[in-house]
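The values are calculated or read from the model by the stated rules, or taken from the named source; none is laboratory data. Note that the coordinates shown come from a computational prediction; the quantities given were computed from them, not determined experimentally. Cβ placement follows ideal geometry from the backbone for every residue including glycine, while neighbour counts extend to all protein chains displayed. Ligands, DNA and RNA are excluded from the accessible area calculation, which covers all protein heavy atoms including side chains. Shrake-Rupley method; radii C 1.70, N 1.55, O 1.52, S 1.80 Å.
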Amino acid sequence: MIHVVLFDLDGVVRHFDPAFMTDLEHRRGVNPGSIERVAFSKPLIEEVTTGRITRDEWVRRVGETLGDHAAAEKWGRHPSTVDDEVLGLSDEIRGLGLRTAILTNGTDTIAAEVDAHGFTGRFDAIFNSAVIGFAKPDVRAFQHVLDALDVTGDEVFFTDDTASKLVGADTLGMRTHHFHGVRPLRAELSAAGVAVGH
């Protein structure tokens with residue numbers, strides 16, 4: 001039986017406007033996609049999401065590699081919006097007596113970002129890889145969540161918009177779902193025995 005629904009953060013609970021990146025790269029004369037290619041390249045992305053370097057250092061290194069610190073700084077302030085439907089779903093799940101939580105491959109500023117968005121209290125816990133020291137899909141990140149919430153894998157439903165991130169959760173027996181919208185997520189939760197509406 002599912003007792004905890006675990007959400008990814010970026011691409012599920014909050015979203016970034018791709019038009020911002022297109023406009024930024026155009027204005028700075030940077031090749032399309034190059035900022036994120038640098039930012040999410042290994043080992044750099046692993047260093048920031050496991051807390052070995054700060055977000056500020058990450059942005060600095062992106063600028064250094066690009067040869068354009070101003071572009072990196074602007075990228076680092078990429079605005080995001082919260083998905084009210086997902087927040088509503090979390091509220092609904094909690095209203096059923098279950099717990100909800102977030103597990104994000106984040107940086108040292110996640111707590112401040114969540115506070116700024118104002119949804120801290122809409123989840124029972126928020127787990128950040130930069131604090132845990134392990135990032136999805138590392139099974140140790142998911143085991144940390146299980147230990148902290150005192151549940152077993154088969155009691156957790158996990159959704160992420162990146163399919164490769166589900167692997168660690170699958171290994172521990174969690175029910176997993178590749179997120180591509182709230183409606184399919186509701187249907188999958190219902191199939192898993194979580195009595196949410198469609």
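Could you tell me which residue out of L172, T81, F127 lies farthest along the dipole of the chain toward its positive end? Charges go on the beta carbon: Lys and Arg +1, Asp and Glu -1, centred on the Cα centre.
In the chain, that residue is T81.
Where only protein heavy atoms count, and the probe is 1.4 Å, what is the accessible area per residue for the chain in Å²?
On a per-residue basis, the chain sits at 48 Å².
Apply the Karplus curve 6.51 cos²θ - 1.76 cosθ + 1.60, θ = phi - 60°, to the phi angles in the stretch 131-148 and return the couplings in whole Hz, x for Gly and Pro.
For the stretch 131-148, the Karplus-derived couplings read 8, 5, x, 9, 10, 4, x, 3, 4, 5, 5, 5, 5, 4, 5, 4, 5, 5 Hz, x marking Gly and Pro.
Pull out the extension gain between E85 and R183, defined as 0.36 nm times the separation in residues minus the alpha carbon to alpha carbon distance; nm, one decimal.
Going from the current span to full extension adds 34.3 nm.
In terms of modelled amide H atoms, which long-range or inter-chain residues lie less than 5 Å from the amide H of H180?
Here the answer is L185, since their amide H atoms fall under 5 Å of that of H180.
From the residues N105, L146, I2, which one has its Cα farthest along the dipole of the chain in the positive direction, the dipole being from +1 and -1 charges on Cβ of Lys/Arg and Asp/Glu about the Cα centre?
Of the candidates, N105 comes out farthest on the positive side.
Counting alpha carbon pairs within less than 8 Å and at least 6 residues apart, what relative contact order, in whole percent, applies to the chain?
Worked out over the chain, it gives 26 percent.
From the P(r) of the stretch 93-198, can you give the percent of Cα pairs sitting at distances over 25 Å?
Value for the stretch 93-198: 17 percent of Cα pairs lie more than 25 Å apart.
How about the stretch 1-107: which chymotrypsin sites (Phe, Trp or Tyr not before Pro) there lie in a loop by DSSP and see at most 14 other Cβ atoms within 10 Å?
Answer by residue number: F40.
For the stretch 105-165, take the convex hull of the Cα atoms, compute a quarter of its surface area, and give me that in nm², please.
Details: hull surface 18.1 nm².
Reported value for the Cα convex hull: 4.5 nm².
Test of understanding: extend the Cα→C-beta vector of D23 to 7 Å, then name every residue of the stretch 50-74 with backbone N under 17 Å from that spot.
71-74
How big is the charge dipole of the stretch 73-188 about its Cα centre, in debye rounded to the nearest 20, if each Lys and Arg gets +1 on its Cβ and each Asp and Glu gets -1 on its Cβ?
Dipole about the Cα centre, nearest 20: 160 debye.
Quick one: helix 55-66 against the long Cα principal axis of the chain, what's the angle to the nearest 10°, folded into 0 to 90?
For 55-66 against the chain, the angle is about 50 degrees.
Between the DSSP loop rule and a limit of at most 10 other Cβ atoms within 10 Å, which trypsin sites (Lys or Arg not before Pro) in the stretch 30-70 are left?
Sparse-neighbourhood loop trypsin sites (Lys or Arg not before Pro): none present.
Using only helices, what value at 222 nm comes out for the chain when you add -39,500 (n - 2.57) per DSSP H run of length 4 or more and divide by the total residues, to the nearest 500 deg cm²/dmol?
After summing the helix terms and dividing by the residues of the chain, the value is -13000 deg cm²/dmol.
About the Cα centre of the chain, what is the dipole size in debye to 20, counting +1 per Lys and Arg Cβ and -1 per Asp and Glu Cβ, all else neutral?
240 debye
Please report, as a whole percent, how much of the solvent-accessible surface of the chain comes from carbon and sulfur atoms (probe radius 1.4 Å).
Details: 4860 of 9500 Å².
Of all accessible area on the chain, carbon and sulfur atoms account for 51 percent.
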